[in-house]
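Accompanying notes for the structure given below.
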């Protein structure tokens, strides 16, 4: 049965966010991050340094950083292979879009769209990172909310 409009409006970020958050250190190499994305099947990792959030990196950031010539023996150059040794702090996003856990999903969607991002970092009242809200989380919530035909 589909959710009522009132219950949909009452749904908060904490109801559908992903937790716990997957993190990496800012000195992680692009190659190590790529392997982690491949293994974990996530699209975002929060970048940490000294227990502080310093950035976010997506699988798309990794794909943009890696040379398209890698894996082609005829075209790969040494500088292409060097891209795998880059540290992720060189390619991560430092502009973080944050949201509180008690914000409605409707407002969270507006924040995603206005900021043109695919995820929001979720913080509690103590400014502690407690989750991440991704477009995938929102789409899954919508799919569960819709009546089945």
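The values are calculated or read from the model by the stated rules, or taken from the named source; none is laboratory data. What you are looking at is a predicted structure, and each value in this text was computed from that prediction instead of being measured. Using ideal geometry, Cβ is built from the backbone for each residue, glycine included, and neighbour counts are taken over all protein chains shown.
Filter segment 2-42 down to residues that are at pLDDT 90 or above, more than 27 Å from residue 125 (Cβ to Cβ) and assigned to a loop (DSSP other than H, G, I, E, B), then give me how many there are. Final tally of qualifying residues: 2. Scanning segment 96-134 for residues that are farther than 23 Å from residue 50 by Cβ and free of Cβ contacts under 8 Å to residues at least 12 places away in the same chain, we see that the one that is surrounded by the most Cβ atoms within 10 Å (Cβ to Cβ) is 107.
Residue check: residue 137 meets all listed conditions (1) over 11 Å from the mean Cα position of the chain (by Cα); (2) more than 16 Å from residue 53 (Cβ to Cβ); (3) crowded, with 18+ Cβ neighbours inside 10 Å but one, namely (1).
Based on this model, can you work out whether residue 33 counts as touching a residue at least 60 places away in the same chain (Cβ under 8 Å) and more than 14 Å from residue 131 (Cβ to Cβ)? Give the steps one after another, and end with the answer.
Numbers: touching a residue at least 60 places away in the same chain (Cβ under 8 Å): no; more than 14 Å from residue 131 (Cβ to Cβ): yes.
Spelling it out, it is not the case that residue 33 is touching a residue at least 60 places away in the same chain (Cβ under 8 Å) and more than 14 Å from residue 131 (Cβ to Cβ).
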